[in-house]
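Read-outs throughout are calculated quantities, based only on the coordinates presented, and are distinct from any laboratory measurement. Only a predicted model underlies this, so the values are computations on that prediction, with no experimental measurement involved. Note that we place each Cβ from the backbone using ideal geometry, even for glycine, and neighbour counts take in every protein chain shown.
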């Protein structure tokens, strides 16, 4: 597992999540939750853990097997296509990647297509 100088914070998660099209913030289980067109795609479980959605449970299991220092689950999340992500195992690019992949799973196809067709931002 890569070690980073500083763990990603709630402010970092908020900034990266809200940069994605159609995203809004609304509390989920008493913590910040991020939605795309009112579908939850990520939320902070606590100050050290992000809950992100996966395409399905097999993707979740593959992520955990590939990078157990970054991704994990607990019995509460077993059977659901969401994975727990250690914020201490992410840098800004890693956080952006996790949030983007989760956003893609939950966003409407048309919004994803518009995002993919847009020129890259500098």
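Before moving on, here are some points about what is shown:
- Here is how the number arises for the chain: DSSP H runs of 4 or more residues each give -39500 (n - 2.57), the sum is divided by the residue count, and the result at 222 nm is -10500 deg cm²/dmol.
- The alpha carbon gyration tensor of the stretch 1-63 gives principal lengths a ≥ b ≥ c with a/c of 1.5 or higher and a/b no greater than b/c, which makes the shape oblate.
- Its relative contact order, with pairs defined as Cα atoms under 8 Å and 6+ residues apart, puts the stretch 63-122 at 20 percent.
- Normalised by the number of residues in the chain, the average gap of Cα pairs under 8 Å and 6 or more apart makes the relative contact order 30 percent.
- Principal-axis tilt of helix 57-66 within the chain, Cα atoms, nearest 10 degrees: 60 degrees
- Ranked packing of 7-20, 82-95, 106-119, most packed first, by mean Cβ within 10 Å: 82-95, 7-20, 106-119
- Dimensions of the chain from C-alpha coordinates, computed as largest minus smallest value along each principal axis and given longest first, are 34, 34, 30 Å.
- Classified by the C-alpha gyration tensor, the stretch 73-122 has an oblate form. Its axis ratio a/c, with a ≥ b ≥ c, is 1.5 or above, and a/b does not exceed b/c.
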